[in-house]
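Read the structure below first, then the notes.
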Amino acid sequence: GYAVRRDYDQPLPNQSNLRYLRAAANVVIANYFVWQQNWIGGREYIFPTRDAWSKALKDGFEWDKDPIQTNFFGHPYNGSFYFTGARAAGLTFWEAVPYTLGGSLSWELFSETERPSMNDIFSTTFGGIILGEVLYRVSSQVLDDSKSGWERLGRELLGAGIAPLRGFDRLYTRSAWKDGPAPIKRRFEIALNTGLERVGTIEFNNEIPATDGEPTVDDKRNALLTAVQVDYGDWLPTHENGTLGPFDAFRFYAAANLSSRNGFQGVQIYGDGLIHGWSSFLTKDTGHDQDNNVLGFSATYDYQGISQVNLSGIGMGPSDTIVFRRSNGQSFRLGLDFQWVPILGTTSADTSDSGRDYNLAVGAAAGAHMQWDLARWGRLGFRTRHYLGAVVSGEDGTEYTQYSRLWYEIDVVPKLLGLGIAPTIVSRYGKYDNGTVFRGNFESTQFYVTLHN
């Protein structure tokens, strides 16, 4: 065996420069997989000619008309393939960033007959980086080169399911069965939730012209809920100079809803991670009693697709997180962030002649999150985000959306099984230059059983 554990999230030292070519090859492989998927689906736009390439370069970029699920869910996930492929080749976080942009550009310019899409570049690159690093680090918690036999096989298959390009890279480099040191273990809390989500519309109004008209009330519907939640990192410095690196701390939540009335109802995905942070200690305590504040920059990927109004925003900007810890297992964490949002999408009844059911905007976001671990009394959490954007494609005007999610869980079996409840309220307001107003207030409440470590 090996006496020293290895950090699976960091490249091996003294690697050959061929790793940069290997990263490029992984990006090409990712595009090939996506191309094959579209070919099987019979999509004709994936058969470009030299004339189509020339036309794409000549005509330039546009805001495309794809559904919001494609632009804000499908493209970021494809972008994560580029990013994890580059990371798996042995590149650092920052070295993998241009490969994600390059993968998106190569697809938009040379793999489709349609004009290249500006919003796809933003969502694939920025969303792919955030989702990619989250999935890469989660897969690192599964992999263990010191294991063998059926356990090793199970870990490799699960890791490949989480980050497919990393799994493929480990296969063709034979890392999937090579003996090696065990991974360094980081704070990694994961929960699998299943239960019921009740979604409803409090009021919904589309006014022409804008007035204080009577709201309409919609009925409620129930949906089966399946979700995964990850809380990664302890927010303590990971470098000797008192700093934290990219995604040394992050949160991730993904949920899918299935309604008996409407079939597959929707998806929620939320992830935010620290890009860089400077830690300062607030007390003279040592060990697990240390309290600290982390000032830095963070990035957020947010896709909310469960109500009548879908929204998605990808942002980055300054953030501040403070953590109080106690030796009895209790802790309290509070964070704030203010971010530039290069791409924001919100469904609306007013989209002009864009050919979409949503508007594209550029703007800003403000968010806050809290988590209070009460030891045997459970866990209380809160997350709220507010988006404000100017429409760049769709109905000219301003889009404002905010949502708040509160959750509480208590263990039935400590460190294994618990019960939870999580109400969410979404408010939507769009004011357009043509004099119309689109607004809605939506609510949902989750009741679930949680399996967690």
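Quick notes on this structure:
- Of the residues screened, I162 is one that is out of contact with any Phe, Trp or Tyr (no Cβ under 7 Å at 6 or more places or on another chain), among the aliphatic types (A, V, I, L, M) and not assigned by the TED database to the domain that holds V362.
- Residues that are of a type in the set (D, E, K, R) and either within 19 Å of the chain's Cα centre (by Cα) or in the same structural domain as T124 (by the TED database) (or both) occur at least once in the range 298-320.
- Qualifying residue in the range 143-154 (condition: modelled with pLDDT under 85, of a type outside the set (K, R) and surrounded by 16 or more Cβ atoms within 10 Å (Cβ to Cβ)): no
- Failed condition for I130, given (1) of a type in the set (V, I, T); (2) without any contact (Cβ under 8 Å) to a residue 60 or more places away in the chain; (3) touching a strand residue (DSSP E or B) at 6+ places or on another chain (Cβ under 6 Å): (2)
Yes/no per residue for (1) part of a strand (DSSP E or B); (2) touching a Lys or Arg at 6+ places or on another chain (Cβ under 7 Å):
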site: G355; (1), (2): no, yes
site: N359; (1), (2): yes, no
site: A366; (1), (2): yes, no
site: T398; (1), (2): yes, yes
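- In summary, F110 fulfils each of the numbered conditions (1) surrounded by fewer than 21 Cβ atoms within 10 Å (Cβ to Cβ); (2) closer than 20 Å to A23 by Cα; (3) touching a Leu at 6+ places or on another chain (Cβ under 8 Å); (4) not polar (S, T, N, Q) with the single exception of condition (3).
- Note on the range 165-192: residues that are in contact with a Gly (Cβ under 9 Å, 6 or more places away or on another chain) and closer than 25 Å to T100 by Cβ amount to 9.
- E399 vs. criteria closer than 30 Å to N359 by Cα, at pLDDT below 90 and in the same structural domain as G367 (by the TED database): no
- Test: residue in the range 394-403 that is within 19 Å of F442 (Cβ to Cβ) and surrounded by fewer than 16 Cβ atoms within 10 Å (Cβ to Cβ): no
The values are calculated or read from the model by the stated rules, or taken from the named source; none is laboratory data. Given the structure is predicted, the values throughout are model-derived calculations rather than measurements. As a convention, Cβ positions derive from the backbone with ideal geometry for all residues, glycine included, and neighbour counts pool all protein chains shown.
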